[in-house]
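The values are calculated or read from the model by the stated rules, or taken from the named source; none is laboratory data. Everything quoted here is computed from the prediction, not taken from an experiment. Positions of Cβ are generated from backbone atoms using ideal geometry, with glycine treated the same way; all protein chains shown enter the neighbour counts. Accessible surface is based on the protein model in full, side chains and every heavy atom, while ligands, DNA and RNA are left aside. Shrake-Rupley method; radii C 1.70, N 1.55, O 1.52, S 1.80 Å.
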Amino acid sequence: MKLETDRLILVRYNKKFINDEFEILSSDLPSCFLDLKVKNIDDINKNAIDKSNDEFFFAIVLKENNKMIGELFGELDSDLETFSPCWILNKKYEGKGYAYEAIKLYFTFLFKMKNIRRIYTYVETDNIKSQNLCKRLNMRLEGVFKEFVSFQKDINNNKIYVDTMQFALLKREFLSFFM
């Protein structure tokens with residue numbers, strides 16, 4: 001399956017993107033993705049098959065040079081109509097509208113082709129770029145969870161808890177705003 005915009009293609013992950021993925025996952029990542037951080041390319045090879053078989057995992061690829069610049073993935077809730085998406089973009093490509101373009105297309109895929117009824121995502125309170133992106137996508141802030149989750153430890157090995165915002169969007173809201 002391939003989804004397209006004027007500048008991007010969303011495609012199923014395949015091993016030809018390993019070097020591009022290494023560039024993304026070996027750089028500075030938001031705290032929520034620290035568990036995805038890799039030190040060498042072998043770390044990526046371990047998960048490549050799972051990604052290529054995941055119907056909700058897409059590589060964000062530039063049409064102009066076939067370079068993978070990000071990833072879209074998520075989790076389908078047990079009700080099979082609620083989905084929690086995640087996105088990672090290569091920092092070199094931030095600020096150019098690629099994330100907005102890719103996620104809007106991904107949401108279109110989820111709502112129209114997968115018949116998802118509701119999308120929600122978590123964003124840490126210090127991740128201003130993702131908060132702004134959620135707002136541009138017409139997602140509403142549903143709440144802030146205080147000391148919701150821990151991704152790191154301090155020098156004394158104590159968990160560092162972060163506040164997390166939840167943004168959400170219903171299918172009918174998306175379709176009336178964007179379609």
**Item:** Within straight-line cross-link reach of LYS39, lysines at Cα separation under 22 Å, skipping those fewer than 8 residues along the same chain
**Value:** LYS15, LYS16, LYS51, LYS67, LYS91, LYS92, LYS153
**Request:** Might you tell me the accessible area per residue for the range 32-179, computed with a 1.4 Å probe and given in Å²?
**Result:** 55
**Item:** Where the Cα pairs of the range 91-179 fall when distances are cut into 5 Å bins, in %
**Value:** 3, 12, 21, 19, 16, 14, 8, 4, 2, 1, 0
**Prompt:** What 222 nm value per residue comes from the helices of the chain, counting each DSSP H run with n ≥ 4 as -39,500 (n - 2.57) and dividing by all residues, nearest 500 deg cm²/dmol?
**Reply:** -8000 deg cm²/dmol
**Prompt:** What length, rounded to one decimal in nm, is gained on full extension from ASP43 through to LEU170, with 0.36 nm per residue of separation minus their alpha-carbon distance?
**Reply:** 42.1 nm
**Request:** Please list LYS146, LYS39, LYS96 in order of solvent-accessible area, largest first, computed with a 1.4 Å probe with all protein chains present.
**Result:** LYS39, LYS146, LYS96
**Prompt:** In the range 69-163, what percent of the accessible surface is made up of carbon and sulfur (1.4 Å probe, ligands and nucleic acids excluded)?
**Reply:** 48
**Rounded to the nearest 10 Å², the accessible area of ARG136 at probe 1.4 Å** = 130
**Asked** Where in the range 84-113 is the amide nitrogen less than 18 Å from a point lying 7 Å along the Cα-to-Cβ axis of ASN132?
**Response** 87-104
**Asked** In the neighborhood of TYR93, defined by Cβ-to-Cβ distances under 15 Å, what is the net charge if each Lys or Arg adds +1 and each Asp or Glu adds -1?
**Response** -1
**Request:** Would you indicate which of [x] 12.6; [y] 10.9; [z] 22.2 is the value of mean projected area of the Cα convex hull in nm² derived from the coordinates of this structure?
**Result:** [y]
